[in-house]
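> Have a look at this one.
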Amino acid sequence: MKSSVISRLRGSVTIVVRGERLEELINELAKEGIEIWNVRSLPERKMEMNVQLGDFFSLRPLLKRTGCRMSVKRRIGAPFFLARLWRRKIFILGFAMFIAAIFALSSLVWDIEVQGNDKIPTEDVLLAAREEGIYPFQWIFRMQKPDKLSAELTRRLTGTSWVGVTRSGTRITIQVVEATRPKEHTLRSPSHLVSNADAIVTYIYAERGQPEVKKHARVKKGQVLIAGIQGNERVVAKGEIRGIVWHEYKMELPLVRKQNVYTGEKKVKGYLFFGNTAIQITGYGPTSFAQFHTVSELDPLTWRSLKLPIGWMNEKLLETTVIQLKLSPEQAKVDGIERAERDIYAKYGMESKIISQKILHEKSDNGKVYMKVLFEVEQNIAEELPIVHEQGE
Amino acid sequence: MSRLSRKIRNWAVEALDLPGDLVFDLPRLTMIGNKQLLVENHQGVLHFSPEELQLELKQGILKVEGTELAIRTIMPEEVIIEGRISGIKYEGVEE
């Protein structure tokens, strides 16, 4: 008995032999070196045995010599299986085509993903990739090596410092790292820096250009502070000039202030919403509020980070009422000055410094306070003024 | 086999401590429980039925008795018998 795997591969047959001289046959077989196994004696002078398929055809002369007859009972092993398969050619063909199709489809690029691009449009990256042979339904084996592709794309796409190409399965991921570029300076024509207000200069620093005034100088609006002419050359004057400027504010401050406040009364309405449609579920009934403010809260159903267009909406009706606040003239004054200060900071920049303030005039009349305040502010007074070509006369 | 040669062989077996199956062509039987029997140096099958198997030896016959006997493998000088073996008998052996 040989190893069953090999015997299965080579194929064997179970035969039933019939005849008078069976023992003689067995001896003959053994002598001829024909391997038989699992010899079993059956009633009526029959014998069952297994023979290798290769030895099967050399049985015939021995059977004739010993006067035995033989019939095949069972066929075992790969050759018979293959023969049976061969009879079903279409089936094999279909199976082979299925395997081939799976193989072909899995060696196509199906999906291209571009990551990390902020300024460069994805379309540009995809276009460059297409020129390098990365596009959907491209054969994966026709593409170049990722490191080569990466180098080519980096060369092709301006404004990137590195482009990485990785493939996982049928998906290509293009990772773009954009180069950070220095800010582009717009070209500017030569200009002076002039004063934007009447002021007293407290600080002057010329980075470029010729300073025309000194500290403590009194300047008028439009006066050149830093000239854009250095020697015979015209430059863009650049520098920092601060000066003290006076601002006069005239204010009218009402002593009664109206304010909307919540009363604390509220009514809640519950809605079930689907997309843009909401159906009210709770909170029916008339609202008795004369004035109210509505606050809506959406609580959509979520699945992971995905928000579904279905959910619950709460609508809160908060009753409001107008109250009148009475201010004392002092409070009104403080409020007014604060408002003016905020206005200064908004207009002249946060780096402005209020040096002093002076109430010039103050009058209380008709429930209002009339006020005139003078602020002394140290602020940036520089303003650009392009140098106009002098035209010859 | 002449008397003289047998004597010499007998002497050789005893004096040189040689195994008898090599010198006299005696069968060598290896039996595993009552399930399997390996017989070497047989001369062919004489009779085979599920109850009895007769093997021809150089001298005489070896009878293997049992039930459901089957020949697992057979080679010119070797045979492996499987089944439920109940007895082994020698017939027609000298001495």
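Bear in mind these aren't lab numbers, they're just calculated from the coordinates by the rules spelled out. Quick caveat, the model's predicted, so the values are computed rather than measured. Reconstructed Cβ throughout: ideal geometry from the backbone, glycine too, with neighbour counts over all protein chains shown.
> Taking H as built 1.01 Å from N, whose amide H comes closer than 5 Å to the amide H of A:Ala197, not counting residues under 5 places away?
A:Gly222
> Across segment A:161-171, in residue order, what do the Karplus-derived ³J(HN,Hα) couplings come to in whole Hz, using 6.51 cos²θ - 1.76 cosθ + 1.60 with θ = phi - 60° and x for Gly and Pro?
Karplus values, whole Hz, x for Gly and Pro: 9, 7, 10, x, 10, 10, 10, 10, x, 9, 10.
> Run the numbers on segment A:258-322 and let me know its relative contact order in percent, using alpha-carbon pairs under 8 Å that are six or more apart.
Result for segment A:258-322 is 46 percent.
> Scan segment A:103-187 for GluC sites (Glu not before Pro) in coil per DSSP, keeping those whose Cβ has at most 11 other Cβ atoms within 10 Å, and list them by number.
Within segment A:103-187, the qualifying GluC sites (Glu not before Pro) (loop, at most 11 other Cβ atoms within 10 Å) are A:Glu184.
> Counting only trypsin sites (Lys or Arg not before Pro) that are in a DSSP loop and have at most 14 other C-beta atoms within 10 Å, tell me the longest site-free stretch of chain A.
A:305-393
> Using just the Cα positions, wrap segment A:111-178 in a convex hull and report its mean projected area in square nanometres, one decimal place.
The orientation-averaged projected area of the Cα hull of segment A:111-178 comes to 3.8 nm².
> Something else about it: Any idea what diffusion coefficient segment A:183-307 gets from Stokes-Einstein, in µm²/s, Kirkwood Rh on alpha carbon pairs, 10 °C, 1.306 mPa s?
D, rounded to a whole number, is 73 µm²/s.
> If you don't mind, there's one more thing I want to ask. Average the reciprocal distances over every distinct pair of alpha-carbons in segment A:191-241, invert the result, and give the Kirkwood radius in Å.
10.6 Å
> Lysines near A:Lys89 by alpha-carbon distance under 29 Å, same-chain residues fewer than 8 away left out - which ones?
Cross-link targets: A:Lys73.
> Loop-only check: which chymotrypsin sites (Phe, Trp or Tyr not before Pro) in segment A:215-304 are DSSP coil with at most 16 other Cβ within 10 angstrom?
A:Tyr284, A:Phe289
> Given N residues in chain B, what is Rg(Cα) / (2.2 N^0.38 Å)?
Against the empirical 2.2 N^0.38 Å value, I get 1.18 for chain B.
> For chain A, I need the span (max minus min coordinate) of the C-alpha atoms along each principal axis, in Å, sorted largest to smallest.
Ordered largest first, chain A gives principal extents of 147, 80, 36 Å.
> Between 0 and 90 degrees, rounded to the nearest ten: what's the tilt of helix A:329-348 against the longest Cα principal axis of chain A?
60 degrees
> How high is the relative contact order of segment A:4-82, in percent, counting Cα pairs under 8 Å that sit 6 or more residues apart?
50 percent
> Per DSSP H run of at least 4 residues, take -39500 (n - 2.57); add these up for chain A, divide by its residues and hand me the 222 nm value, nearest 500 deg cm²/dmol.
The helix contribution divided over chain A gives -7500 deg cm²/dmol.
> Using a cut-off of 15 Å between alpha-carbon atoms, which aspartates and glutamates can reach B:Lys89, once sequence neighbours fewer than 8 places away in the same chain are excluded?
Hits, sequence-local ones excluded: B:Glu51, B:Glu52, B:Glu56, B:Glu65.
> Please work out the Kirkwood hydrodynamic radius for segment A:4-82, using every pair of different C-alpha atoms, and report it in angstroms with one decimal place.
So the Kirkwood estimate lands at 12.7 Å.
> Pairs A:Lys258/A:Lys326; B:Lys35/B:Lys63; A:Lys31/B:Lys7; A:Lys31/B:Lys58; A:Lys333/A:Lys372; A:Lys250/A:Lys347: which are spaced more than 20 Å apart, C-alpha to C-alpha?
Correct reply: A:Lys31/B:Lys7.
> At 10 °C and 1.306 mPa s, what whole-number value in µm²/s does Stokes-Einstein give for the translational diffusion of segment A:287-393, with Rh from the Kirkwood sum over Cα pairs?
It diffuses with D of about 77 µm²/s by this estimate.
> Going 7 Å from the Cα of A:Leu127 along its beta-carbon direction, which residues of segment A:154-176 have the amide nitrogen within less than 17 Å of the resulting point?
The answer is A:154-160, whose backbone nitrogens lie closer than 17 Å to the label point.
> With Cβ to Cβ distances under 15 Å as the rule, what net charge do the other residues near A:Gln324 carry (K, R +1; D, E -1)?
So the surrounding residues net to +4.
> Modelled label-to-label distance, B:Arg84 and B:Ser2, 7 Å Cα→beta-carbon offset: nm?
It is 5.2 nm.
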